[in-house]
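What follows is a set of notes on a single structure, which appears directly below.
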């Protein structure tokens, strides 16, 4: 046998045994025998480097440490799932599906129920059968390229069989099995390092680690559930079977359920049995089985109408509340949280929990030293339900909100008609840290590489005291800082950022100078100003100078800007330090106005010109985005809030408070049939 033939034979054997061990949990050889095969392959590839291929099993673990990850676009958006928290909500989902499918819908729609894996979503791209890219979910449209890390996960095949499509994107979930999680935490505690809060955080953190060697040590696994492109089957169940044929791991407990009552039974069963599994699950993902029916049902801008996630009821435990501390956010909001004696709840150890706000804490009379009931809301966010009064220590006293900020010492204030206390010091280190993280975030100024650790060092070193200081940074000032990564043994490594990586950060900062105006407005962190409000303000005024000069009345004259938003914007602009910040950003060269051509987005003249509509609830015939497009193409505008100026409210299924407010104000209501008649033959697709 030639070296080339032996190498190919070894690769085939190793792939087979990896599949038996990591996917089927049925190994055919011992670990020592497997190691011997791998060592022989490594030796032969070293002796014959011309025969090395990127899909070889020896390429799983890389040693190169990168600074950050590239951003990549998904083949199709990775949408979130709507949630059902009760059997009634599950039945309501089934009712919406049957109504969406129309008169031809069967009495019992066929669904596939899959256990919801508590991990990190990923998307793998294979070309000509070879894994070429692995990405995180990110914001749903774009994720981070973590290919080198995903290659180390042995449950993920580096090659697909010959019958796989020429190009396909495969989506799934990377997770940390419970045993691997316990082992990892034991090792960290022995090394004097803090334990991970739960397997999900450990898995997500590993994917974004800069050292692939550590990822290999972590013991991650994966399950897959979706094909994007190259799928010729007609049902989801066939998709799962096809992925199994390609040696892709599929969560084995999935089941085809005919009708909602079978779904309810499946969810009840696994709500009881979930703790017997070797991995964490916080619910059941339910999908319409027929792929053609999914096309009929469509999707909203946030989630598909043909799927939902049933969340298991929260688990509760009792533990002692050691003390109550407060956290300072980017807007200055100071919120209390509980520091607990660690307790294991719903698959993870909880040592901190939210207390929402002072009013809620006072109403529940939660005190330091109390025994308290703690639960995970949706099996995710720990919160304190309330105290166990029968076990309250006799010396306990009601908790008092501090009067000064714990980070900067400034006096705390609570505005009228609000329950949240605030630190008004814009120079507060805690506010600056969170504010800079928001300013640099992908949805705002989108400065890649400027993360939490680097921002903390810039603040500690006195290099940045406000957002404008970012534009004074140069390569040398950043290169001298340190980047933290983890070695394969779990220990932290402190490395200089270095000139090359510093150049990348500076380039990103420089690029952000020419961002759209709305990104700057959003990045400033003005209360009540989200991405959509920032876009509305940018389009309505066209420049920061015009926005600065606007009165509250002028702000409210812009569609979608209500009194609360207008007052918040005006109040922020009236603060002298904020005015100085804008001036400094302007001098640094940050774009302060929209190009004239970009302002031509106002609705063109048409039969709906001068009219404003609010869309609320779920429309069955089109998405919210498609309905908005239909209105704008006819010259109308779509607002996010109802007022007396609203022409009409378009009300779909499960409409909420906006529909109630429209009726209260006497605003005309259009159901879906009336709305379709309004937009007529406009092409909304």
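The numbers here are math on the coordinates, done by the rules we state, and not lab data. Treat the numbers as computed from the prediction; the structure is a model and nothing was measured. All Cβ positions, glycine included, derive from the backbone under ideal geometry; neighbour counts span all protein chains shown.
Taking only C-alpha pairs under 8 Å that are 6+ residues apart, what is the relative contact order of the range 344-408 in percent?
32 percent
Would you list 151, 586, 43, 142 from fewest to most Cβ contacts within 10 Å? Mind showing how you got there, number by number?
Working: 151 22, 586 14, 43 10, 142 17.
Sorted ascending by nearby Cβ count, the order is 43, 586, 142, 151.
Which values, in whole Å and largest first, are the semi-axes of the equivalent ellipsoid of the range 612-679 obtained as the square root of 5 times each eigenvalue of the Cα gyration tensor? Mind showing how you got there, number by number?
Details: eigenvalues 57, 37, 19 Å².
Sorted largest first and rounded, they come to 17, 14, 10 Å.
Assign one of three labels to the range 511-584, namely rounded, prolate or oblate, based on the Cα gyration tensor with a ≥ b ≥ c the square roots of its eigenvalues; rounded applies when a/c is under 1.5, prolate when it is not and a/b is larger than b/c, and oblate otherwise.
The shape class here is oblate.
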Open item on the list: For a test of the definition: using alpha carbon positions, the gyration tensor, and the 1.5 limit on a/c, classify the range 207-304 as rounded, prolate or oblate.
Closed with: oblate
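Report the Stokes-Einstein translational diffusion coefficient (µm² s⁻¹, integer) for the chain, Rh taken as the Kirkwood radius over Cα pairs, at 25 °C with viscosity 0.890 mPa s.
Details: Rh = 28.6 Å.
In µm²/s, the coefficient rounds to 86.
Send over the Kirkwood Rh of the range 605-645, from the inverse of the averaged 1/r over different Cα pairs, rounded to one decimal Å. Present the calculation step by step, with values, prior to reporting the outcome.
Numbers: mean 1/r = 0.0941 Å⁻¹.
Radius from the Kirkwood sum: 10.6 Å.
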Task: Percent RCO, i.e. relative contact order, over the chain, from Cα pairs under 8 Å lying at least 6 residues apart - done: 9 percent
Open item on the list: Quick check on the range 83-311: take the gyration tensor over C-alpha atoms, sort the square-rooted eigenvalues as a ≥ b ≥ c, and tell me if it's rounded (a/c under 1.5), prolate or oblate.
Closed with: oblate
Open item on the list: Between the range 166-180 and the range 255-269, what is the separation of their alpha carbon centroids in Å?
Closed with: 25 Å
